[in-house]
Every structure is written in C-alpha cells, then in structure tokens.
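Only one structure is covered here, and it is reproduced in the block below.
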C-alpha cells in the first residue's frame, strides 16, 4: 500500500521541470523579435540573449531533474528524431 508522499515528486524536480519548459518558451521568443520596431543592434542583442538564457535555463533544470529525464526531453524535441518515429510506425 502506497501513501501519498511516495507518489509526489520532490520540489527540486518540479522546479527543474518548470525551468526546462520555460527554456523551450524562451527559445521561441527570438522568432518574433525581427518583427519588432527595434534597431538592428538591439534585435541582435535580444535574440542572442534569449538563446543564451534558454540554454542556461535548460541546463540548470536538467541538473535539477537528473541526467536521464533531461536526455529524454532533449531527444524528444530533437527534429532529427521526428522522422525516425514516423518510419518506425509505418514499418509496424
């Protein structure tokens, strides 16, 4: 018989997952920056800052959730693996 406390994830794990999810959101922000009425120099700085911040956020979250979970998430969102999943489904 399991209690409620054994089914709950630790707070560090939840914070790590939130950081990983927010890193993917930060990765999307640079797509819209070129359409903002900003100077070219500010656009370059903004895009670069968003990408660096997204990577830092992802890796801090990865440290918190663990190597295995972070690897699975990274592999799932890697576009190279999307076709492999489709080919495997068609072969079955």
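Taking square-rooted eigenvalues a ≥ b ≥ c of the alpha carbon gyration tensor, is the stretch 10-91 rounded, prolate or oblate, where a/c under 1.5 means rounded and, failing that, a/b exceeding b/c means prolate? Display every interim value, and only then the final one.
Details: a/c = 3.29, a/b = 1.35, b/c = 2.44.
Judged from the Cα gyration tensor, the stretch 10-91 comes out oblate (a/c at least 1.5, b/c at or above a/b).
Calculated FRET efficiency, residue 35 and residue 69, Cβ-Cβ r, R0 30 Å, to nearest 0.05?
Working: r = 35 Å, r/R0 = 1.16.
Working from the Cβ atoms, E equals 0.30.
What is the gain in length, in nm to one decimal, between residue 60 and residue 22 on full extension, counting 0.36 nm per residue of separation less the C-alpha to C-alpha distance?
Gain in length upon complete extension: 12.5 nm.
Throughout, read-outs are computed from the coordinates displayed, never taken from laboratory work. As the structure is a prediction and not an experimental result, all values here were calculated from the model. Because the Cβ atoms are built from the backbone with ideal geometry, glycine has one as well, and the counts that use them run over all protein chains shown.
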